[in-house]
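Worksheet: one structure, shown below.
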Amino acid sequence: MKNLPEPFDSEDYIFELKMDGFRALAHVGRDETRLISRRRNVNKRFTELAAAIHIELECEAVLDGEIVCLDGNGRPQFYDLLRRRGEPVFYAFDLLSFDGEDLRPRPLIERKRLLRSIVPGQPSVMLYAEHIEGYGVEFFRLACEQDLKGIVAKAKHGAYGEKCFKIRNPRYSQYEGWRELFESRRQTALAKQASI
């Protein structure tokens, strides 16, 4: 997904909030649900969340989404997620397969409609990623006002992964210390590997 420096308006696009968490695919099977990371590893840190998703969904499916912790106002709190200070939820924004059918070639707006029909209502460990159509500039302005990470623009009639853009809020407060935190974690991991 490419970054864009500025938001835009277009009737051919939908716009969603850019969540601040860990991207994951939820593979909901007959016997279990696995949360798979971007690097295609089973995310063992969120086994309770995966088990709760499995109980809530009564179908076999693959959902694309973000594991997040939300504050009392519904805003993602990345450091709470990282430090395990809150209850994680799965914020679902796409549906890749449903009951054995590959949906990736279908238009996004169609996949979102089907996704909406299977994500349970509140209260739930799953949230459906709402979107707006056409008005990216105003939506981005509002996201920045609320100190959110930014927005994502997706081609309304595109296949999975087609014509998707991130527009980041340059003043997002949770960026502070982010690079240093991940660099220190990387150094710790490298030191552990070297000692083995």
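The values are calculated or read from the model by the stated rules, or taken from the named source; none is laboratory data. Everything numeric in this text was worked out from a predicted model, so none of it was measured. In this analysis, Cβ positions are derived from the backbone assuming ideal geometry, glycine residues included, and neighbour counts consider all displayed protein chains.
A few points about this structure:
- Test: E87 is modelled with pLDDT of 90 or more, part of a loop (DSSP other than H, G, I, E, B) and over 24 Å from A153 (Cβ atoms): yes
- Selected residue (criterion: farthest from the chain's Cα centre (by Cα)) from residues of the stretch 63-77 that are in a loop (DSSP other than H, G, I, E, B) and among the charged types (D, E, K, R): D71
- Unique match (being touching a Cys at 6+ places or on another chain (Cβ under 9 Å), under 19 Å from L25 (Cβ atoms) and buried (at least 19 other Cβ atoms within 10 Å of the Cβ)) among F98, F93: F98
- Qualifying positions in the stretch 127-162 - part of a strand (DSSP E or B), of a type in the set (A, V, I, L, M) and either touching a Gly at 6+ places or on another chain (Cβ under 8 Å) or at pLDDT 95 or above (or both): I132, I151, V152, A153, A155
- Restricted to the stretch 72-94, and to residues there that are touching a residue at least 12 places away in the same chain (Cβ under 8 Å) and among the acidic types (D, E), the residue that is nearest to E48 (Cα to Cα) is E87.
- Checked against the criterion of being in contact with a strand residue (DSSP E or B) (Cβ under 7 Å, 6 or more places away or on another chain) and in contact (Cβ under 8 Å) with a residue 40 or more places away in the chain, the stretch 33-41 has at least one qualifying residue.
- Top-ranked residue of the stretch 97-153 - restricted to ones that are among the small types (G, A, S) and touching a residue at least 60 places away in the same chain (Cβ under 8 Å), ranked as farthest from P7 (Cα to Cα): S124
- A single member of D31, D80, D12 is in contact with a His (Cβ under 9 Å, 6 or more places away or on another chain) and not in a loop (DSSP other than H, G, I, E, B), and it is D12.
- Only a single item in (1) in contact with a Gly (Cβ under 9 Å, 6 or more places away or on another chain); (2) in a helix (DSSP H, G or I) is not met by I55, and it is number (1).
- Residue within the stretch 64-87 that is of a type in the set (A, V, I, L, M, F, W, C), touching a Ser or Thr at 6+ places or on another chain (Cβ under 9 Å) and at negative phi present: no
- Within the stretch 61-78, the set of residues being under 15 Å from L148 (Cβ atoms) and either crowded, with 18+ Cβ neighbours inside 10 Å or not small (G, A, S) (or both) comprises E66, V68, C69, L70, D71, N73, R75, P76, Q77, F78.
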